[in-house]
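Engineer: Have a look at this one.
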Amino acid sequence: MSKILNRYLVQFKGLAVGQHVFSFDVDKAFFDEFEGGEISNGRLSVEVILNRLSNMIELDFFIEGDVEVKCDRCLEVLTIPTEFEGKLVVRISDSIDESEVSDEIWYVSSNEHELSLAQYIYESICLSLPLQRYHGILGTSTDDCDSEMLERLQTLSLDENQEVREADSTDSRWDKLKDLMNNQN
Ligand SMILES: [Zn+2]
């Protein structure tokens, strides 16, 4: 695992039964680890309240901050606030009940000693984002939408349609058919 993602490891082996609090920062270096992701940058804080039981660990996550995504309308950077609350249960057991395993219920074997939370944190942030993202939502301003880019994009797609129509009208099969019909007259 990369050095960056190593920051999000929690050692649970030596933890006493009871509550422990962990804090993490999420920044650009974190998002750079998830190539091809929809978030290009962000500044978030993650607080995890870990409850250690004898053969189970409960983790309550509180994530909040800002992320940079692409505006659906102008494709420019859109910075929006986001927050997430979730619970993860980790069972410490050498036999796994496959039917119970999910995104929120993990199993670790009794000889493991750490939990890697990076992927869970990343996916939780992605889940917290609205489906539609554009300048004007969540306190952002529609004035920031790059309308010049928008017009260029619209012109581009109109041009493409035009080309498709022109290509259709000069389809040689139609020319042949027209020739045939003309010859019959
Ligand atoms: Zn925009």
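Read the figures in this text as sums done on the coordinates, not as results from a lab. Fair warning: this is a prediction, and the values are worked out from it, not measured in the lab. All Cβ positions, even for glycine, are placed from backbone atoms using ideal geometry, and neighbour counts span all protein chains on display.
Engineer: To test your reading of the geometry: what angle, between 0 and 90 degrees and rounded to tens, separates the Cα axis of helix 118-128 from the longest principal axis of the chain?
Structural biologist: Helix 118-128 and the main axis of the chain meet at about 50 degrees.
Engineer: Can you give me the long-range amide H partners of G136? Hydrogens built in the peptide plane at 1.01 Å from N, cutoff under 5 Å, separation of 5 or more residues or another chain.
Structural biologist: Those lying under 5 Å, H to H, from G136 are S141, T142.
Engineer: Helix-only mean residue ellipticity at 222 nm, the chain, DSSP H runs n ≥ 4 weighted -39,500 (n - 2.57), per residue, nearest 500. What is it?
Structural biologist: Values: 5 runs with 56 residues, N = 185.
One gets -9000 deg cm²/dmol as the mean residue ellipticity at 222 nm.
Engineer: Would you please state the base-10 log of I(q)/I(0) at q = 0.25 1/Å for the range 1-70, with intensities from the Debye formula using one equal scatterer on every alpha carbon?
Structural biologist: -1.10
Engineer: Quick one: angle between helix 147-169 and the longest Cα principal axis of the chain, in degrees between 0 and 90, rounded to 10, please.
Structural biologist: Taking the Cα atoms of the chain, the angle to 147-169 is about 50 degrees.
Engineer: Could I ask something else about it? For the residues H135, H113, what sequence is obtained by ranking on other C-beta atoms within 10 Å, fewest first? Please list the in-between numbers first.
Structural biologist: On the way: H135 21, H113 13.
Lowest to highest Cβ neighbour count: H113, H135.
Engineer: What share of Cα pairs, in percent, lie more than 17 angstrom apart in the range 3-144? It would help to have the intermediate numbers written out before the result.
Structural biologist: Working: 6314 of 10011 pairs.
Within the range 3-144, distances greater than 17 Å cover 63 percent of Cα pairs.
Engineer: Go through the range 51-57 residue by residue and turn each phi into a ³J(HN,Hα) via Karplus (6.51, -1.76, 1.60, θ = phi - 60°); whole Hz please, and just put x for glycine and proline.
Structural biologist: In residue order, the calculated couplings are 10, 8, 10, 4, 10, 7, 10 Hz.
Engineer: How do L115, L158 rank when sorted from fewest to most other Cβ atoms within 10 Å of their own Cβ?
Structural biologist: Values: L115 19, L158 10.
Ascending number of Cβ neighbours within 10 Å: L158, L115.
Engineer: Please arrange V26, V101 by counting, for each residue, the other beta carbons lying within 10 Å of its beta carbon, fewest first.
Structural biologist: Numbers: V26 22, V101 12.
The most exposed by this proxy come first: V101, V26.
Engineer: Run the reach check for K13 against aspartates and glutamates, Cα to Cα strictly under 13 Å, same-chain hits fewer than 8 apart removed. What comes back?
Structural biologist: Those aspartates and glutamates meeting the cut-off are E112, E114.
Engineer: Next up: Give me the extension gain from T155 to L15: residue separation times 0.36 nm, minus the current Cα-Cα distance, reported in nm with one decimal. Each step should come with its number before you reach the end.
Structural biologist: Details: separation 140, 0.36 × 140 = 50.40 nm, distance 6.12 nm.
Here the segment from T155 to L15 would lengthen by 44.3 nm.
Engineer: Now for a different question. Which aspartates and glutamates does K87 reach when only Cα atoms under 16 Å apart count, and residues fewer than 8 places away in its own chain are ignored?
Structural biologist: Cross-link targets: E47, E58, D60, E64, E100, D103, E104, E123.
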